[in-house]
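Structure first, commentary second.
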């Protein structure tokens, strides 16, 4: 059975190499065919467009009868992807897995997950809340992340110089809000952290009064 | 005149030879020569253009009615349709034995010696009709054999025999036959064998090992997905070993989403007897866990799961009866004691436990529904009502009465001090704590400092409206 696993994985890797037209690639990380790196381009017409996304792939012992383990290496701002760990919430990686699915088809499913977020079944609750509160603001942040982490289109000067990253945009907040609370004498990163956690965006802003924020900042 | 006919014969012989050669190369399986050299045979299987419903015809074994059937016969057939809907893609071959006269094809048609359908699926009158149709198709001067083979193979003749009919998208074939119920299994067996032959000769791409594999080493599942036997075996073995039987099914993503599970004969074909046994055991276990009427036999060495047998009227009391199929022990599903009849209640403590459990559950929850299915809804509600009444009495008793420590009768104090004398047995006791009091000095209980009832000859509430000062005794 282990032989069958090796044969199948090798075949899948070869298939993917031969298919030049596909936007999906699979590469070896070390010498093992059971630990791979997949990558694909961000789908057009989404905030991920133009980005290059890398996925860590681990082939379990009983593959293809058990699902392949995948998580994002590239940081992604998406309700179904953990913004901290890259963990992915997708049914086919869990109970809807079928041995007929391949690394390539699974990567393509990940690609289409980027097109169609499922905020009701989130992996990252904060990101999901952001998405539900203001889709425009969410997309702006997702686009910014794509630019910063996935080499998406944007100001070239920002790339590779983390010091210049706009932490406010990273958190999907507005500069004026952050400035306002920073002016009260709080640490800027703390202000960003609290406002992000409270989902201080769009229609939520008038609902959260300043005292509540100050209370959180003082904790 | 004589000369031309001689030329004719030579040309005829040449044409006949050519025609037979062509036929042999196109349909090597269909043509053969008979024992006597001149006798030729065509054995032509019918390959229907699409899977077609085969139904008995109400016309019986009789004459082929060329006018359309009356409404009555259609109704009859519709009835039979429900009982035996056989959908076939092939029909057994039609055999034609014939001679080619020396003047064929220029002047005479072939002479059919015998015409026969395997398993006699075409009755005599239809065979005769078919024979006429075959001869009629011959056009002077032209070879007819290829046309015959195609005419039969494609099933076109079924239209002309008025056996095939198209209703909407579906076409059906209605066969008049003296014993259709005996015929149909033969037709299905033939069809299955042809399908199997086609299946094992073809190659399939197994989507698990990503290899092209001969059908003989593949399994066709009932959902019509095909996988190689060894991949399916690895997959199902793993699932069975891990006890994950919901995954023992078609591995196709669509079927996985539908949670389509494999049928027993499919599992049997793929895994070992031992694994089939475990798979069946796991399935039974799952059913038992799902069936809320299931109760384990209380006999210590038996413990067989026993389901509710028969339909009992809810609330009749009979729904509690279970008889173990293994050891024949009849018991009550509520208290798991020996069967105590439908009327006598279970020892109260048993019903109490599940009735209180039932009351606690919110309406509409799964657990509540499970309990209703297990114990019977109306019966449960009756018990709840009983329980609530009893509870109310109990609450009232414990709130407003104290039982006599001697005879246990409940005594309600309407007014006065806490020194009570039981009207039934004469026992003196404290109404507050229920302790016995010495008949000679009953008030010592209330006047000894340190005791819990010290200074509590009267209750606090009653003190509130009493004069605040002075009086030591009421």
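Values quoted throughout were computed directly from the atomic coordinates according to the rules given, and no laboratory measurement underlies them. This structure is a prediction, so every number in the text was calculated from the model and none was measured.
The relative contact order of chain B, computed from alpha carbon pairs under 8 Å that lie at least 6 residues apart in sequence, is 8 percent. Between 0 and 90 degrees, the angle of helix A:2-18 with respect to the longest Cα principal axis of chain A falls at about 70 degrees. Semi-axis lengths, largest first, of the ellipsoid equivalent to region B:416-458 are 17, 10, 8 Å, with √(5λ) applied to each eigenvalue of the Cα gyration tensor. I'd like the antiparallel share, as a percent to the nearest 5, of DSSP beta bridges with both residues in the protein assembly as shown. Of all bridge pairs located within the protein assembly as shown, approximately 95 percent are antiparallel. Springs between alpha-carbon pairs under 10 angstrom, Gaussian network model over chain A: which of A:124, A:56, A:30 fluctuates most? Among A:124, A:56, A:30, the largest mean-square fluctuation in the Gaussian network model of chain A belongs to A:30. For the residues A:80, A:120, A:209, a GNM of chain A with alpha-carbon springs under 10 Å puts the largest fluctuation on A:209. Relative to the longest principal axis of the Cα atoms of chain B, helix B:2-26 runs at roughly 30 degrees. Global size of region A:18-83: 13.2, 38 Å for Rg and Dmax (C-alpha atoms, Rg to one decimal, Dmax whole). In whole angstrom, note down how far apart the Cα centers of region B:364-388 and region B:257-302 are. One Cα centre to the other: 29 Å. For a test of the definition: using alpha carbon positions, the gyration tensor, and the 1.5 limit on a/c, classify region B:320-398 as rounded, prolate or oblate. Cα axes put region B:320-398 in the oblate bin.
Whole-percent P(r), the protein assembly as shown, all Cα pairs, 20 Å bins from 0: 11, 21, 27, 23, 12, 4, 2, 0, 0.
Assuming a ≥ b ≥ c are the square roots of the Cα gyration tensor eigenvalues, decide whether region B:178-291 counts as rounded (a/c under 1.5), prolate (otherwise, with a/b larger than b/c) or oblate. Since a/c reaches 1.5 but b/c is at least a/b, the shape of region B:178-291 is classed as oblate.
Judged by the gyration tensor of its Cα atoms, with axes a ≥ b ≥ c, chain A is prolate; a/c meets the 1.5 cut and a/b is the larger of a/b and b/c. Helix B:229-242 and the long axis of chain B differ in direction by around 10°, with both axes built from C-alpha atoms.
Largest GNM mean-square fluctuation across A:123, A:66, A:111, computed for chain A with C-alpha springs under 10 Å, falls on A:66. Across chain A, the relative contact order, built from alpha-carbon pairs under 8 Å that are at least six residues apart, equals 15 percent.
Put the Cα centre of region A:178-209 next to the Cα centre of region B:84-157 and the gap is 89 Å.
When the alpha-carbon atoms of chain B are used, the pair Rg, Dmax equals 44.2, 162 angstrom.
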